[in-house]
Structure formats: C-alpha cells, structure tokens
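The values are calculated or read from the model by the stated rules, or taken from the named source; none is laboratory data. Since the structure is predicted, the reported quantities are computational estimates derived from the model, not experimental observations. Ideal geometry is used to build each Cβ from the backbone, glycine not excepted, and the neighbour counts take in all protein chains shown.
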Amino acid sequence: MKRTPRKEEIIKKAEILFKEKGYSAVTMRDIALVMGMKAASLYNHISSKQEILSEIIVTLAEEFTNGMNTIVAAQKSTVEKLQDINSLHVAITAKYPNGMASLNTDWMHLEEKLEYYLELRDGYEENFRKVIARGIANEEVVEVNPEVIVFSILTTLRSLYLWIPKKEEINIKALDADLSKVLLKGIVKPSNK
C-alpha cells in the first residue's frame, strides 16, 4: 500500500502509542481512538497493526542500510566514516525518535518482514565491523576487538531515542559533534608529559 497523508498520520500516531505502551499492548481500537475515528474506518487506510509496525521498522532499517552503504563506498578515512555513521544515527533518531523506539524494542514482533529486517540489520552491523577492521589495519583505530567497538558505539547510538525527546531544545549539530568526540576520542585528556 502506498503511503497517503492519512496513512502517514496513522503511522505517526501509532509510533507514539507503541513507544508509550509497547507494541503488544496497543490495539487497533487504541490507534483509531487517537485518530478520532472508528476502528472499522481505520481499515480503509491500513490493513493491520502488523502493517504499521512493518512500515515503521522496515522504513528505518532501509534508511540506515542505504546510509551505511553510502558511507562504506565513500573514499574517506576510517575516522571520517565513523563520524558519518555517528551523524547518520543522530539525524535519523532526531527525525524519528518514536519510530526508533519500535525499531529497537518491537522488531521481534515483525512477522512476515522479520527475516528481511534481520538481513538489513546484520548487513548494517557487518559493514560497521568492516569499517572498524579497516581502521585497525590502517592504524587509524586502536587495536581492540572490533565487536567491542561496534557494540560500544551502537549501544550509545541506538539508545539516543530515549534521550533526544527529553531535551527541550537540542542542537543536533552540537550533539552530533559532541557524541563523535566522546565516542571516537574518549573522555580522558591526553597527558601533558
């Protein structure tokens, strides 16, 4: 189904409900209620709650995958690629904080799209590991287990959806720069010896 403005509105309202209550606790009746319509009317725009979840998660996963593919293909240093990965997460999370909640907490409820989503996620993470491994090989990144680096960075970036909406005024560029500085350079000042 193509996304009409009404379908887009339904998805946005459902994202909020899924974030607040969790996917399993939300009913089509709940979504219809926040839309100000009867549940039967909701089915004129959307076939199921599962369709909504799939739209949210797959759209975001594809956006991350496309962004990562562009980053990996770029003729840049590893550090620049890592900064771009950071920027990709900040930008998508700032734009879709409610959808990111579903991506991070409700993906296991996908039914027919679960395998596709897992392929996207695994490919994304594999590309991330390759960027890190290249950086280690080129001596741009400290020699630490790439899995630990990927886990550490992704854990922070994937949880941004919890933090961003709590800040009334957030400067996305400053957040991107600060996160990049902390995640890539750490917090310990170099000694003056």
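Before moving on, here are some points about what is shown:
- From the list Lys189, Lys173, the lone residue that is out of contact with any helix residue (DSSP H, G or I) (no Cβ under 7 Å at 6 or more places or on another chain) and modelled with pLDDT under 90 is Lys189.
- Any hit, segment 39-62, residues being crowded, with 19+ Cβ neighbours inside 10 Å, in contact with a helix residue (DSSP H, G or I) (Cβ under 9 Å, 6 or more places away or on another chain), closer than 25 Å to Arg6 by Cβ and basic (Lys, Arg): yes
- In segment 149-178, residue farthest from Met100 (Cα to Cα) [restricted to those that are in contact (Cβ under 8 Å) with a residue 40 or more places away in the chain and of a type in the set (D, E, K, R)]: Asp176
- Some residue of segment 179-190 being within 29 Å of Phe18 (Cβ to Cβ) and either touching a residue at least 12 places away in the same chain (Cβ under 8 Å) or surrounded by 10 or more Cβ atoms within 10 Å (Cβ to Cβ) (or both): yes
- Restricting segment 68-91 to residues that are among the β-branched types (Val, Ile, Thr) and surrounded by 14 or more Cβ atoms within 10 Å (Cβ to Cβ), the residue that is nearest to Leu175 (Cα to Cα): Val90
- Selected residue [surrounded by fewer than 19 Cβ atoms within 10 Å (Cβ to Cβ) and in contact with a Phe, Trp or Tyr (Cβ under 8 Å, 6 or more places away or on another chain)] from Thr27, Thr65: Thr65
- When we screen Glu112, Glu140 for residues that are within 19 Å of Thr59 (Cα to Cα) and either touching a residue at least 12 places away in the same chain (Cβ under 8 Å) or out of contact with any strand residue (DSSP E or B) (no Cβ under 9 Å at 6 or more places or on another chain) (or both), the only hit is Glu112.
- Within this structure, Asp106 passes the test of being in contact with a Gly (Cβ under 8 Å, 6 or more places away or on another chain), charged (D, E, K, R), more than 23 Å from Leu175 (Cα to Cα) and surrounded by 15 or more Cβ atoms within 10 Å (Cβ to Cβ).
- Within segment 13-48, if we keep just the residues that are within 22 Å of the chain's Cα centre (by Cα) and not in a helix (DSSP H, G or I), the residue that is modelled with the highest pLDDT turns out to be Val26.
- Residues located in segment 59-84, provided they are of a type outside the set (S, T, N, Q) and either in contact (Cβ under 8 Å) with a residue 60 or more places away in the chain or not in a helix (DSSP H, G or I) (or both): Ala61, Phe64, Met68, Ile71, Ala74, Lys76, Val79, Leu82
- Enumeration of residues in segment 88-119 that are within 12 Å of the chain's Cα centre (by Cα) and among the hydrophobic types (A, V, I, L, M, F, W, C): Leu88, Val90, Ala91, Ile92, Ala94, Met100, Ala101, Leu103, Trp107
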